[in-house]
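First the structure, in the form of structure tokens, and then the observations on it.
The values are calculated or read from the model by the stated rules, or taken from the named source; none is laboratory data. Every value quoted in this text rests on a predicted model; they were computed, and no experiment measured them. So basically every Cβ, Gly included, is an ideal-geometry build from the backbone, and we count neighbours across all protein chains shown.
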Amino acid sequence: MTAFTDQYYEKSIRIAPDGFSFFKMNGKKMETVSFSYSDNTLITNEAPRFFDSSDEITVISARHIPMLIPEEIYDSARDSEYLTLQFDTSHLGETYSETNGSYRTVYFLTKNEKDTLSRLPFRLQTVAEASLFYRFLCQQKANDALFVGRNTDFTDIMAVHKGEILLTNRFPLVEPADTLYYIYNIVTQFHLQDPALYLHFFAEEDKKLSALLKTHKLNPNIV
């Protein structure tokens, strides 16, 4: 796969809006398999075939972009309240939060997702995918940096400045020129100076996008 998935997806179940994926390192090779929700495939059937029952699995929540709450005002007792400002929480299962710089990342799994995962024969830990983007960007130690996660039906983007999150957002999959517009808009809005750009394809690489970014001298690092 890639340096990004090799580092952060060693043994994991990724839950996204369009389906779920399994990842595991087999020696130095990353193995992965993906399922669409339209296939009516069950995690409880497929996960035990892919992982060993003794494995500790990371559940990576990519279902939605989490909320960012400044640490100064964060109150763990209000996680559900925060989420209702942005999401339909009528099927809320469990809330989670992680510290990313000066922000607390707040997200959730639905009751159905939580119940399904609880039936798996593994030890589970949960992390927001946005937290993995942030950790990766911090490791690069660039003053200004952007991470673009390209999926089959949507694109995630995160911008950081000196280790602090400026923005994290999601938009539907659009033409390469539209993605270029979003990137330039963020660079202009936050006055980013020669930002390092990291581009990850969760699906097949969009070579038109890669070429367009290079044409505009953004020189993306494919990770």
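Table for the structure above
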read-out	value
Test: residue in the stretch 156-168 that is farther than 25 Å from Ser21 by Cα, part of a helix (DSSP H, G or I) and not assigned by TED's automatic domain parsing to the domain that holds Ile15	no
Members of the stretch 71-90 found to be within 19 Å of Ile165 (Cα to Cα) and surrounded by fewer than 10 Cβ atoms within 10 Å (Cβ to Cβ), listed by number	Glu72, Ile73
Identity of the residue in the stretch 55-93, of a type in the set (S, T, N, Q) and closer than 23 Å to Tyr9 by Cα, that ends up farthest from the chain's Cα centre (by Cα)	Thr58
Options Leu213, Leu218; residue that is more than 21 Å from the chain's Cα centre (by Cα), crowded, with 18+ Cβ neighbours inside 10 Å and not in a loop (DSSP other than H, G, I, E, B)	Leu213
Tally of residues being surrounded by 15 or more Cβ atoms within 10 Å (Cβ to Cβ), small (Gly, Ala, Ser) and within 15 Å of Ala203 (Cα to Cα) across the stretch 22-55	1
Residues satisfying the stated conditions in the stretch 54-87, i.e. at pLDDT 95 or above and among the charged types (D, E, K, R)	Glu56, Glu71, Glu72, Asp75, Arg78, Asp79, Glu81
Residue count, the stretch 171-210 (criterion: assigned to a loop (DSSP other than H, G, I, E, B) and surrounded by fewer than 17 Cβ atoms within 10 Å (Cβ to Cβ))	10
Residue that is nearest to Glu46 (Cα to Cα) [pool: residues in the stretch 115-150 that are among the basic types (Lys, Arg) and surrounded by fewer than 19 Cβ atoms within 10 Å (Cβ to Cβ)]	Arg119
Sole exception among (1) outside the structural domain of Glu98 (by TED's automatic domain parsing); (2) under 21 Å from Asn100 (Cβ atoms) for Pro176, by number	(2)
Scan of the stretch 94-110 for residues that are within 19 Å of Ala47 (Cβ to Cβ) and either more than 20 Å from the chain's Cα centre (by Cα) or of a type outside the set (Ser, Thr, Tyr) (or both), ordered by number	Glu94, Leu109
